[in-house]
Structure formats: C-alpha cells, structure tokens
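Each reported figure results from applying straightforward, stated rules to the coordinates on display, with no laboratory input. Given the structure is predicted, the values throughout are model-derived calculations rather than measurements. Positions of Cβ are backbone-derived with ideal geometry, glycine not excepted, and every protein chain shown enters the neighbour counts.
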Amino acid sequence: MSETLINIRGVTKKYASSDVAPVAALNGVDLEIYRGEFVVITGASGSGKSTLLNLLGLLDDPTSGEIQFNGQNIHTLNEMEKNRFRLETISFVFQFFNLIDNYTAAENISFQLELQGMDHQEARKKAIETLRYLQLEGKADLYPQNLSGGEQQRVAIGRALAKDSLVIIADEPTAHLDSRNAQIVMDILRHINTTFKRTIILVTHEPNQAEQADRQIIIHDGRVSAIKVPDTKESQTIQISLK
Ligand SMILES: Nc1ncnc2c1ncn2[C@@H]1O[C@H](COP(=O)(O)OP(=O)(O)OP(=O)(O)O)[C@@H](O)[C@H]1O
Ligand SMILES: [Mg+2]
C-alpha cells in the first residue's frame, strides 16, 4: 500500500486580473502523490500544470481547498514557517535551468547548502561529490556560460539533489534540450528516484517521458481528467469524469 506524501483536496486557483474576470487556472483538483513515486503531469498548454506545480511546491497559495504535505496542513503555516518547510522539503528544477551566472557549477550547488547552515568546506565537498555523481566533476569550476544546456540542467539537478529534500519538482526540465540530453535528464531523475528515494513530480509535453513514469496525471481545463499507469494497458486507465 503506497503512503500518501501530498494530498490535495478541492483545490482551486483563480488569478485576479484588473481588466478581465479572474482566470480560473485550477477548478477543483483532488490528487494524491505517493511517497517515493515518479509522477509525470501532462496536459495541453494552459491547462494548469505549472499552476498545480506552484501549489505543490508551496510557491503559491490556492484560492480554496486544502493541501496536506508530509502530514502538515499547509494552510496552518505562516509565511515564515512555509518558507522553512519549502526550503527543507522541496527542490525545484526549471525549464531555463535558473543557475546563477556568476557562480561556478560547484558554487551553484554549494551556496544553497551554506544557506541551510552547512559550513563552506563541507558544502564544497558535497557539491563536488554531487557533480561526480552527475559525471560533471571536471566542470566544477566552470561558469554556466561555459557549460552546454544539458550540462547546465545536470548542475541544476545537482542543486536539487544535494539538498536533502523529499521531493523534486521539475517543470518541463527538458523543454530546451535535444532528445539525447532530454533522455539523460530523465535517466538521472529516475536514478535519483530509485537510489535516493526522492519523490519526483515532473511536467512534460513529451509522451515518451510520460511512459517512463510510475503514473501519468493528465490535466484538462484545470482538473485531473485521467490518471494512467503507463505499464498497464489503456483499459486500466482510470478515467475521471469531468463535472
Ligand atoms: N500569474 C498569472 N496571472 C494570470 N493568469 C495566469 C497566471 N499564471 C497562469 N495563468 C493562466 O492560468 C492558466 C493555466 O496556466 P499554467 O501556466 O498553469 O498552464 P500550463 O498547463 O503550465 O501551460 P504550458 O504547458 O503552456 O506551460 C492559463 O490560462 C494562464 O493564462
Ligand atoms: Mg507550464
């Protein structure tokens, strides 16, 4: 029996706008993410995937509904507590890598460990170990501009990995990579998932990536429209009726 890590119930998100009616990006999402799974979220552009990731990553608050994360009811936390919870529990990997330009590959990993209180030398050691795991040890002292896109994304994954978070949230991490580098990123994330037991939540537009996940959650017009278990046949797809 899988253990629930994140439980979201009746979550809506409306974006206020000054000139038009509020945009309802999420229209009542019920979803469980299980501890240790590798889940992929797919859906058309504008269906609400990034909005959902932002809520799962505690980067934004729902308009209504509840989010329980690792047993913690998120709406009971004040901003400071929520920031601390996020820092300790969640790592992010972004589409545009989001590395700091004037930090080397190693520094891009070590700075956040130092932010979390690790001393400088220990943080450097852990950054180098992480880069070694990613087969980037030789690039430790290079700046992002001297790394390929694939290498930059591996450093960004290193930053997510080095932090002892429960969950890695990745919003289209391969969107700007060629298919070979995209597969390398997928393989690394899968390896991190199985070896380090990190829960991975990844948004993608690539059908072949969805097939590599434990579960595929399909979002349609701000709702979960289907959940697929890729190893099984279409008939086992759980269709969720749209109200
Ligand atoms: N900050 C915002 N303010 C207003 N509307 C927003 C905001 N962010 C997203 N939206 C709207 O909410 C809806 C869902 O957007 P979201 O970014 O979650 O889609 P997505 O599924 O991630 O799309 P894509 O595949 O293109 O990244 C869209 O209609 C979008 O225009
Ligand atoms: Mg998006």
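Amide H contacts under 5 Å for residue 170: 93, 201, 202, 203, restricted to partners 5 or more places along the chain or on a different chain, H placed in the peptide plane at 1.01 Å from N.
The calculated pair-distance distribution of region 1-73 uses every alpha carbon pair, bins of 10 angstrom beginning at 0, and gives 19, 50, 25, 5, 1 percent. Here the dipole of the chain is about 300 debye; that uses its Cα centre as origin and unit charges on the Cβ of Lys and Arg (positive) and Asp and Glu (negative). Backbone phi angles across region 11-16, fed through the Karplus curve with coefficients 6.51, -1.76 and 1.60 (θ = phi - 60°), yield HN-Hα couplings of 7, 10, 9, 10, 9, 6 Hz in residue order; Gly and Pro are listed as x. Evaluating kT/(6 pi eta Rh) at 4 °C and 1.567 mPa s, with the Kirkwood radius of region 121-188 over Cα pairs in the Stokes-Einstein relation, gives 104 µm² s⁻¹. Couplings 3J(HN,Hα) for region 155-160, derived from phi with the Karplus relation 6.51 cos²θ - 1.76 cosθ + 1.60 (θ = phi - 60°), are 5, 4, 5, x, 4, 5 Hz, where x marks Gly and Pro.
The phi torsions of region 25-40, fed into the Karplus equation with coefficients 6.51, -1.76 and 1.60 and a -60° offset, translate into couplings of 7, 10, 10, x, 9, 10, 7, 10, 10, 8, 4, x, 8, 10, 10, 10 Hz, rounded to whole numbers, with Gly and Pro shown as x. Less than 5 angstrom separates the built amide H of residue 223 from those of 27, all sequence-distant by 5 or more or on a different chain.
All Cα-Cα distances of region 165-234, cut into 5 Å bins from zero to the largest, leave 4, 14, 25, 26, 18, 11, 2, 0 percent in each bin in turn. Among 90, 64, 17, whose Cα projects farthest towards the positive end of the dipole of the chain, with charges put on the beta-carbon of Lys, Arg (+1) and Asp, Glu (-1)? Positive-end residue among those listed: 64. Sorted largest first, the principal axis extents computed over the alpha-carbon atoms of the chain equal 54, 44, 43 Å.
Here's how it looks for residue 142: its modeled amide H is under 5 Å from those of 105, 106, which are all 5 or more places away or on a different chain. Axis of helix 79-89 versus longest Cα principal axis of the chain: the two differ by about 70°, to the nearest ten degrees.
Of the cross-linked pairs 82/126; 49/228; 14/228, those separated by over 23 Å at the C-alpha level are 82/126; 14/228. Dividing the mean sequence gap of close Cα pairs (under 8 Å, 6+ apart) by how many residues region 85-243 holds gives a relative contact order of 22 percent.
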